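A.B. asks: Can you keep this structure in mind? I'll have questions shortly.
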Amino acid sequence: MDLPFTFDQLRAFILVLDTGSFSVAAQHLGVSQPAVSAQMRELERKTGVRLIERVGRSLAATAAGVTLGGHARSLLEAGTRAAEAVSQHTKGLHGTVRLGTGATACLHLLPPLLQRIGQAYPALHVVVSTGNTDDIVRRVELNALDLALVTLPVTSRALAVTKALRDAFVVVCAADAKPMPQTVRPNDLLELPLVQFEPGTNTRQLVDSWLLTNGLRIRPTMELGSIEAIKEMVAAGLGCSILPSMALREADRQRLQIRPLKPLLSRELGIVVRQDKPLTRGMQVLINAILASSAQPLKQASA
């Protein structure tokens, strides 16, 4: 019996249902919007029923579409498990793992970790995407990413969350600026120009919350989207900043004063995966590598 659909059509169909949009589904698939529309027309032609209808400004499944959607998810999961089972018979570990994370972890945590994975498993390809936490989490929910390393908390019931590591925040200012106290308290920041992350990021929210909890409302002199840009501004003597320890390289420690905060401020990073997603061997290798990195002690802030 010839099936009236392909796995590619089912994958596109599920993305259309989850996003409510042909164009957004196309972005996740890396194809054009007309290509996704054509796949859906062909799927409806082959099945002989209408599967998708427009509800307001978004798309939704018809009764037949709901039925197919449930089976489609099971088939795609079974296909993933079958591919993984077959890969067990190869000598090495093959495949692709799609990882999402923030820019800081991408720049400062992942490079040595991915280098070790590449040396141990040359045929395993880890494709990394960056973005803010909300965007990355949404892409994991849509199965456009296999897993993500993001700042917690994440509240989605569709995702399994594993705590991975804790990253303490520190205060930084230029090495040739007025010496900071060995431990910086909130009041020590009152008269200092503050270079902050742009609003809307989890890191900015954590810092703002810490300041407010300690009775401070400071207007930043700069709000930047890049942690590297923030470090350059601080090193040039244009202000101080509150940054995750993870973002500081050894070279930064030569040109910046770095001090711990009191009360302590830290963020927790976790690995998120869809609850219903089978873990491939490649995903497990990557997860284990991230968790192993958390066993390494955090570098202490120093002058």
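A.B. asks: Using the Karplus curve 6.51 cos²θ - 1.76 cosθ + 1.60 with θ = phi - 60°, work out ³J(HN,Hα) for each residue of segment 168-175 in order, rounded to whole Hz, and write x for Gly and Pro.
C.D. replies: Using θ = phi - 60°, the values come out as 6, 8, 9, 8, 10, 8, 5, 4 Hz.
A.B. asks: Mind pulling the angle between the C-alpha long axis of helix 7-19 and the longest principal axis of the chain? Nearest 10 degrees, somewhere in 0 to 90.
C.D. replies: 50 degrees
A.B. asks: For the chain, give the share of DSSP beta bridges that are antiparallel, in percent and rounded to the nearest 5; count only bridges with both residues there.
C.D. replies: Working: 26 of 41 bridges.
Here the antiparallel bridges make up roughly 65 percent for the chain.
A.B. asks: Moving to a separate point now. Ranking Val207, Val161, Val127, Val172 by Cβ neighbours within 10 Å, fewest first, what do you get? List each step's numbers first, then the result.
C.D. replies: Working: Val207 24, Val161 17, Val127 11, Val172 29.
Result, fewest neighbours first: Val127, Val161, Val207, Val172.
A.B. asks: Something else about it: Using a Förster radius of 35 Å, what is the FRET efficiency between Gln115 and Glu42 based on their Cβ-Cβ separation? Nearest 0.05, please. Provide the component values of the computation, followed by the final result.
C.D. replies: On the way: r = 43 Å, r/R0 = 1.23.
About 0.25, to the nearest 0.05.
A.B. asks: Across the chain, where is the longest run that never hits GluC sites (Glu not before Pro) in a DSSP loop with at most 13 other C-beta atoms within 10 Å? Write down the numbers at each step before the final one.
C.D. replies: Numbers: sites that count: Glu191, Glu250.
In short, 1-190.
A.B. asks: Take the alpha carbon atoms of segment 33-98, find their center, do the same for segment 149-223, and report the distance between the two centers in whole angstrom.
C.D. replies: 42 Å
A.B. asks: A further question follows. Work out the charge dipole of the chain with +1 on the Cβ of Lys and Arg and -1 on the Cβ of Asp and Glu about the Cα centre, then indicate which of Gln39, Ile227, Val97 is farthest towards its positive end.
C.D. replies: Of Gln39, Ile227, Val97, it is Val97.
A.B. asks: Loop only per DSSP, at most 12 neighbouring Cβ atoms within 10 Å: give me the trypsin sites (Lys or Arg not before Pro) in segment 195-240, ordered by residue number. Could the numbers behind the result be given before it?
C.D. replies: Working: sites: Arg204, Arg217, Lys231; in loops: Arg217.
When the trypsin sites (Lys or Arg not before Pro) of segment 195-240 are filtered for loop state and at most 12 Cβ neighbours within 10 Å, Arg217 remain.
A.B. asks: Residue by residue, what Karplus-based ³J(HN,Hα) values in Hz, rounded to whole numbers, does segment 30-45 have, using 6.51, -1.76 and 1.60 with θ = phi - 60° and x for Gly and Pro?
C.D. replies: Karplus-based 3J(HN,Hα) across segment 30-45 equals x, 10, 7, 4, x, 5, 5, 4, 5, 4, 5, 5, 5, 5, 5, 5 Hz.
A.B. asks: Find the lysine pairs in the chain meeting two conditions, Cα atoms under 26 Å apart and a separation of 8 or more places or different chains, and report how many there are.
C.D. replies: 10
A.B. asks: Once you have the Cα-Cα distance between Ala158 and Ser21, take 0.36 nm times their residue separation minus that, and quote the gain in nm to one decimal.
C.D. replies: Gain on extension, Ala158 to Ser21, equals 47.3 nm.
A.B. asks: Applying the Karplus parametrisation 6.51 cos²θ - 1.76 cosθ + 1.60 with θ = phi - 60° to the phi angles of segment 139-145, what ³J(HN,Hα) value in whole Hz is obtained for each residue in order, glycine and proline being reported as x?
C.D. replies: Residue by residue, segment 139-145 yields 5, 5, 4, 7, 6, 7, 10 Hz.
A.B. asks: Using the count of nearby Cβ atoms within 10 Å as a rough guide to exposure, how do Asp146, Asp252, Asp276 rank from fewest to most?
C.D. replies: Numbers: Asp146 24, Asp252 17, Asp276 12.
Ordered from fewest to most neighbouring Cβ atoms within 10 Å, Asp146, Asp252, Asp276 come out as Asp276, Asp252, Asp146.
A.B. asks: Is the shape of segment 168-266 best called rounded, prolate or oblate, per the rule: a/c under 1.5 gives rounded, else a/b larger than b/c gives prolate, else oblate, with a ≥ b ≥ c the square roots of the Cα gyration tensor eigenvalues? Write down the numbers at each step before the final one.
C.D. replies: Working: a/c = 1.39, a/b = 1.18, b/c = 1.18.
Note, shape of segment 168-266 comes out rounded.
A.B. asks: Taking H placed 1.01 Å from N in the peptide plane, check which residues at least 5 places from Gly95 or on another chain put their amide H under 5 Å from its amide H.
C.D. replies: When sequence neighbours closer than 5 places are left aside, the close amide H contacts are His125.
A.B. asks: If you don't mind, another one. For all pairs of alpha-carbon atoms in the chain, what percent lies in each bin of width 10 Å, listed from the first bin to the last filled one?
C.D. replies: In order of increasing distance, the bins hold 6, 23, 26, 20, 14, 8, 2, 0 percent.
A.B. asks: Rounded to the nearest 20 debye, what is the charge dipole size of segment 95-236 about its Cα centre when +1 sits on each Lys and Arg Cβ and -1 on each Asp and Glu Cβ? Working shown, then result.
C.D. replies: Numbers: 13 positive and 13 negative charges, 77 e Å.
In debye, rounded to 20, segment 95-236 gives about 380.
A.B. asks: With a 4.7 Å Cβ cut-off, tell me which Cys residues in the chain come up empty for a partner.
C.D. replies: Within the chain, the cysteines lacking a partner Cβ under 4.7 Å are Cys106.
A.B. asks: Okay, moving on. What are the trypsin sites (Lys or Arg not before Pro) within segment 38-86 that DSSP puts in a loop, where the Cβ has at most 14 other Cβ atoms within 10 Å?
C.D. replies: Working: sites: Arg41, Arg45, Lys46, Arg50, Arg54, Arg57, Arg73, Arg81; in loops: Arg50, Arg57.
Listed in order of number, the matching sites are Arg50, Arg57.
Every number in this text was worked out from the coordinates using simple rules, so none of it is lab data. Since the structure is predicted, the reported quantities are computational estimates derived from the model, not experimental observations. Ideal geometry is used to build each Cβ from the backbone, glycine not excepted, and the neighbour counts take in all protein chains shown.
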